[in-house]
Amino acid sequence: MRVLVCYFSQTGNTEKIAKAIYNEISKEHQADIKKIDQVNTDTFKNFDLVFVGTPAHAGDLAGPVKQVMNSLPKSPKCKFAGFYTHMAPTSDKDVQSALRGAFEKIVKEKEITYMGTFNCMGNPDPNIAKMVKEARKMSDDEFNEYMKEAVKHPSPEDEQKAKEFAKEVVSKIK
């Protein structure tokens, strides 16, 4: 099976998960890994399965990922799986639901066979973290506690879970 892992990353969080997925998949399959700016709609024609990764941007896919996904033709031959990193505490189901919904909306519109989504918390950019603090009206103590946890991600455990997700997706296709 030919597999592509493509991603957009600004802080390295999504890239770390992309590499974990790629390292797992490439053990048994012909795999490539590319940044989203290295792919176009023709790229996907050469693959049976594509993992697409993005950071959360205001509860949505990052612009470059949306642009590529929206440019896909209807019913491409390859199957897709998504993964994303976010700043929300893992208990924040609203952010997770919004991103999963953003992927699901595009694949439904494009009639893409969708194999699922993986997500994990990422170490936030300090400027964005400050905006989150203000938006969530966090006290300094709450924010400091949040940041203590956030800087640990993506953790080795997150990377392992991403690898398990990748194996699960591939097992559904075989």
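Could you work out, for the range 84-174, what percent of all Cα-Cα pairs fall into each 5 Å distance bin, beginning at 0 Å and stopping at the bin that holds the largest distance?
For the range 84-174, the binned pair fractions read 3, 12, 19, 20, 18, 12, 9, 5, 2, 0 percent.
Once you've got the GNM for the chain with C-alpha springs shorter than 10 Å, pick whichever of Ile36, Ile106, Ile128 has the biggest mean-square fluctuation.
Ile128
Over the residues of the chain, compute the C-alpha Rg and express it relative to 2.2 N^0.38 Å.
Compactness ratio reported: 1.03.
Throughout, read-outs are computed from the coordinates displayed, never taken from laboratory work. Computed from a prediction, not measured in an experiment: that's the story for all the values here.
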